[in-house]
């Protein structure tokens, strides 16, 4: 009888503990859903590349960093940081690991065919731009010379054979170089994704496993940078979005344009930052980008669809890439890093703009502040422990308490997946 009573008491304790964990997860998911819904209401302009629809002059004087940091900015930015923390916390739970495994199963075929997807989409995209006769790389970049048109045609043709992929990659980089020569380096910082594609195809024939893995990471970094820079433009050039708000009033949802533009900038920059973080967080960020960019195509038409086609394909590859277990840094590290990195990039943008367009004196202070913040974040997080076995969560059956022990008492793999932090 005593044994049966102890077993019943133990099962009751385990059920109570599981209920508490489920309650925590449910509350986190509900709160995250509210934050996501609130942010996405103001993210419509984040899905359209402003320069494709409005004549924008990058030489215009941007708002200063201090003018960007308004109450509206901090409101939306705080929501993003809270949501980022919840996502990192969720990733390190058993349920988060189950979501990762579900994504692995659903996207397994896509992951195996990632190279084929990118080759096909790149071929279609470059062929459509070549058919126009005056465009290279993106809908706003124009060129009319015969040799540029020839390169634009050869890129999709070279996609058919793996042996010619390095030539296709070299052609993409040459076109990007021409864009720098024509439009200037500062303008082309909107499009480092094409450098990523060029490097990706150039390394496709390399047999080294590390280089094969690097090209996927590099492609993800460059697409994040390509969307992060336009996000900065939404902060410092809010007037650029006004014509779009006039022609597409539905994107404002009744809010004033300034609020919508600030919210869109926070959404876009926040998702770009998430693409640099842990596996599940960046996969979910890629999924949100896919939804937003696809939805924008129905509103902004075929120009937006053609321009964003390779970016959507890259996000599908990011979504399908398992990425391994999350690194062993606390969830609070994500919002702490994000709270410094996004303002730092705003400072770097305004400082680099002043430096590039000739105002050396005005560029020193913001540029140095941004670089100092990014350097601080790099050294702080580079020193965090990112390997080693995390402590296992063990339930003391004698007292029905959870406590953390060392690796001498690990739980079974099917109960607690390897590399996933335990609920305490």
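FYI, it's all coordinate maths here, none of it is from the lab. Since the model is a prediction, treat every value here as computed from it, not as a measurement. Every residue, glycine as well, gets a Cβ built from its backbone with ideal geometry; the counts of neighbours run over all protein chains shown.
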Task: Segment residue 67-residue 99, length gained on full extension (0.36 nm per residue, minus Cα span) - done: 7.5 nm
- [ ] Starting with the highest mean, order 194-201, 165-172 by the number of other Cβ atoms within 10 Å, averaged over the residues of each peptide.
- [x] 194-201, 165-172
- [ ] Could I get the Rg over Rh figure for segment 115-227? Both from C-alpha atoms, Rh via Kirkwood, rounded to two places.
- [x] 0.96
- [ ] Provide the gained length on full extension for the span residue 146 to residue 111, in nm with one decimal, where the gain is 0.36 nm per separating residue minus the Cα-Cα distance.
- [x] 8.9 nm
TODO: Would you work out the relative contact order for segment 112-242, in percent, from Cα pairs under 8 angstrom that are 6 or more residues apart?
DONE: 18 percent
Task: Label-to-label distance, nm, for residues given as residue 379 and residue 167 (7 Å Cα→Cβ offset) - done: 4.9 nm
